[in-house]
Structures are given as structure tokens and as C-alpha cells.
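Asks: Okay, handing you the structure first.
Nothing in this text is a laboratory measurement; each read-out follows from the coordinates by a stated rule. On a predicted model such as this, the values are computed, not experimentally measured, just so you know. Every residue, glycine among them, receives a Cβ derived from its backbone with ideal geometry; neighbour counts consider all protein chains shown.
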Amino acid sequence: MKKLLVFICIVLIGVGIMFSAFAATNDVKVEFTIGKSQYTINGQYYAMDVAPYIKDNRTFLPLRYVAYAIGVEPQNIVYENGVISINNDNNVVKLSVNSDILRVNGNIIQMDTKPEIVNNRVMVPVYWISKAFGINISWNQSTYSVTFDYIEKTGSSLNINNSTLTNNSSSLATSTNVNPSNDVSKQFSWQYRNATYSLELQIPTDILNWDRKIPAIIDTFYNSNGEQQSSQLSYMSDEIKTLVLSCSEYANNNYTPWVTEESNYDYVKDVAKTLLQMAQNNGFDNFHTAEFVQSFVESIPYKVTDTPELPVQTLVDGGDCKDKSILLASLLKNLGYNVALLVFPPPQNQQVGHMAVGIAFNDNELPLYRDYDFTYYSFSGTKYYFAETTSPGWLIGQLSDDSLEQTAYIYAIS
């Protein structure tokens with residue numbers, strides 16, 4: 001049975017460096033498979049944001065991920081003025097998109113085809129990758145996979161700049177080429193369905209430091225007089241201005257701009273992909289994947305904040321219901337879920353309200369058996385199921401405070 005509550009509808013239009021366990025092994029085997037956005041190194045899975053493909057009888061692989069796989073450090077992959085330069089063990093490889101010239105240590109090799117861009121990644125035919133890096137590549141017709149082996153130098157280690165995929169643990173690096181020493185390492189551990197999961201993130205300090213400045217800007221703004229506020233707004237970027245004005249009393253706690261702030265949303269996308277891969281490895285369906293992500297956010301320490309926090313700051317510093325709801329909404333939105341922020345006004349004679357996330361599901365996506373009634377808030381035929389974030393253990397549709405969560409403002413994220 002599902003429980004429909006009274007609501008007020010307001011619709012708004014709105015990764016860690018993984019030091020692999022096999023780093024001390026001399027023989028390294030790498031495998032890429034056509035159509036799959038993951039590859040393996042000595043049997044360990046790693047995620048990509050693009051899949052290999054075949055075109056004109058050529059097998060194209062993403063150059064960056066091949067470089068990662070053979071141990072190239074992220075800072076040794078440089079794109080400048082249309083030229084990709086890769087420094088691997090004192091060998092310098094250079095090529096350009098839409099050019100058939102490959103340079104290896106200054107020697108010119110003419111390719112019979114040109115690299116191309118797919119999903120913002122440079123794709124190069126596998127034959128010319130073997131020439132560029134001096135590796136032996138084999139093709140498996142039965143599995144449509146490309147395999148290459150190389151000997152890793154003694155004492156070196158592999159730095160993989162993307163997600164490690166295992167059933168219950170993962171590591172995610174930043175998606176930009178930053179110095180790992182400038183990142184903040186953050187460990188997470190949580191439980192879902194009687195299993196324990198862990199995740200290590202490398203948080204880029206440039207985003208984190210920017211996030212931490214926003215509350216101070218907001219505090220200064222709302223403690224200024226009208227003339228001062230007008231002057232401050234004139235110097236603010238449109239992005240910061242939107243965040244600041246969303247905190248006014250007239251915005252009525254409509255924090256949807258915090259969910260989709262560009263730099264945070266882009267980083268959260270990588271986190272969301274890693275959580276999705278962990279969920280898929282455990283066979284979770286669409287509903288339980290969302291609930292798995294909810295359980296991750298629930299595990300983040302709770303602390304009261306005066307102003308909202310952006311998602312990256314919440315990952316590091318923790319937050320209260322509004323901060324963790326913003327984070328959960330950002331994660332799920334990145335995974336394609338239809339979500340909304342649910343804002344609950346304070347009950348009569350109280351000053352504190354509440355915020356949660358609403359997640360849209362079709363009736364046939366709901367689990368058949370739960371020991372509680374599913375709570376949702378409906379608008380225009382869409383049912384947004386209640387998702388608490390403040391502490392571990394809450395499930396989707398499970399109401400946390402029946403006296404508080406009766407009337408909701410619904411702010412859809414779009």
C-alpha cells in the first residue's frame with residue numbers, strides 16, 4: 001500500500017588515484033573489449049567514459065586510457081594547441097586529431113588513418129597505438145577484445161586515473177589532470193542490504209576551496225544593507241549570484257541551483273558512475289540502485305550548517321538534511337533519475353523544517369514486499385518517493401517524521 005500526502009507544488013525549470021595491488025608484478029596484461037566502457041589490467045576492472053569500436057576495419061581505442069593502462073602518469077599526458085603529447089619512460093609520443101602523422105621521439109611515422117574525437121576522447125587505431133608505445137597487441141575474435149602484454153619496470157607502480165570496479169569497494173580519481181598531492185583523500189564505508197561497501201575518493205582542492213568560499217559570500221551578502229548588496233551583486237558572476245539569491249526568503253528554500261552547479265555536477269558525475277558500477281556488480285535493479293546511492297549519502301556525517309553546501313564540500317565536510325539532499329539529488333540526476341527536492345515547512349510553533357529528496361518511479365519498479373507503506377508526493381502524474389538522507393538505515397519511501405513531513409514544496413530538478 002502506498003501513502004499519498006498533502007503537498008504544495010512548486011515546479012522549477014530548472015576520481016582517487018588507485019595504487020594497484022599488482023604494482024609490484026613484472027608481467028602486466030591489459031584487455032579492451034569492443035563496445036564496453038571498461039577495461040582490465042591483470043583481471044582488475046577499470047571504468048572508461050567511452051568504449052572501443054570498429055570503423056573501416058580498424059579497431060579504435062581511447063588513447064588516454066591505453067596510456068593509463070601502461071603506467072603513464074596523468075600529468076605526462078598533455079593536450080596543447082591541438083597536439084597530444086605523451087611522455088612514457090623518456091619516450092615522447094605526439095599526434096594530432098585529423099592528422100595522419102605520428103611522432104615518436106621526433107621520428108615521423110605516417111599512419112594510414114587519422115585519430116578522431118569521440119565523447120571528448122582521442123581515439124586511435126590499435127595498430128598505431130602498438131607502434132607508438134612499442135607494445136605487442138593481439139586480437140581475440142571470439143570475444144572481440146584487444147589484449148596486450150608488457151613488462152613493468154621493477155619498483156614502479158601503476159597510477160590508474162579512473163574507477164576500480166569490485167563488488168564492494170572502489171577508488172575514484174578526479175576527472176581532470178591535477179597533481180594528486182593537491183587532492184584531498186576521503187574514505188567512505190557504509191552498509192546496504194547486510195553488506196559493507198567502501199569507496200575512496202580523491203577530491204580536487206580547487207573545487208573544494210571554491211565551495212567553501214560560497215557560504216562566506218552568502219553570509220556577507222545577507223548581513224549587508226541594500227546598497228551594499230546591490231554593489232556586491234554587480235561584481236558577482238551569474239553562477240554565484242544564482243546561488244546567493246536562492247538563499248533569500250523569497251526563494252523559499254529552492255536550492256535546485258546547488259544540485260546542478262557546473263563544476264560540482266561534473267565531479268559528482270564520476271562519483272555517480274562509480275556507485276552505479278558497484279550497484280551493477282551486485283545485480284541491483286533501478287530501484288535498489290537508487291537506494292544504494294541513498295545509503296552512501298546517509299553514511300556521510302551529519303552536521304548543522306547555516307547555509308547550503310555544494311556537493312563536493314558535503315562529501316568532505318559533512319552536512320545536514322539540505323546539504324545531503326542536494327548531494328543525493330545531484331548523484332541521482334547524473335544517473336538519469338527524475339528527482340526533486342522536497343521541502344517541508346516547520347510545524348506550527350516550531351522554527352525548523354526539513355528537506356529530503358523525491359525520486360520518481362513507476363509502480364512496477366517498486367519492491368513487492370516492504371514492512372512499511374511507500375510514501376510519495378504526486379504532481380502531474382509523477383510520483384516522487386520520499387528519500388531521507390540524514391542518517392543510515394532509511395529506505396526509499398520510508399517516512400522519517402510523520403508529524404513533520406505532511407506538506408511539501410516540490411522543486412523538480414531539470
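Asks: Using DSSP to define loop residues, name the trypsin sites (Lys or Arg not before Pro) in the stretch 178-273 whose beta-carbon has at most 15 other beta-carbon atoms within 10 Å.
Replies: Those that pass, being in a loop and sparsely packed, are R193.
Asks: With 10 angstrom as the radius, rank D306, D100 by how many other C-beta atoms surround their C-beta, starting from the fewest.
Replies: D306, D100
Asks: Here's a follow-up. Just to be sure I understand the model, the point goes 7 Å from the Cα along the line to the Cβ. What's the resulting S230 to D317 distance in nm?
Replies: 3.1 nm
Asks: Nearest 0.05, what FRET efficiency do I217 and V78 give at R0 = 51 Å with Cβ-Cβ as r?
Replies: Between I217 and V78 the formula returns 0.90.
Asks: Further question on the same structure: Give me T305, T289, T256 ranked fewest to most by other Cβ atoms within 10 Å of their Cβ, as a rough exposure proxy.
Replies: So the ranking, lowest neighbour count to highest, is T305, T289, T256.
Asks: Which of the residue pairs K36/K213; K114/K333; K213/K333 have a Cα-Cα distance greater than 29 Å in the structure shown?
Replies: Listed pairs above 29 Å: K36/K213; K114/K333.
Asks: For W139, W128, what's the fewest-to-most ordering of other Cβ within 10 Å of each Cβ?
Replies: Neighbour counts put them in this order, fewest first: W139, W128.
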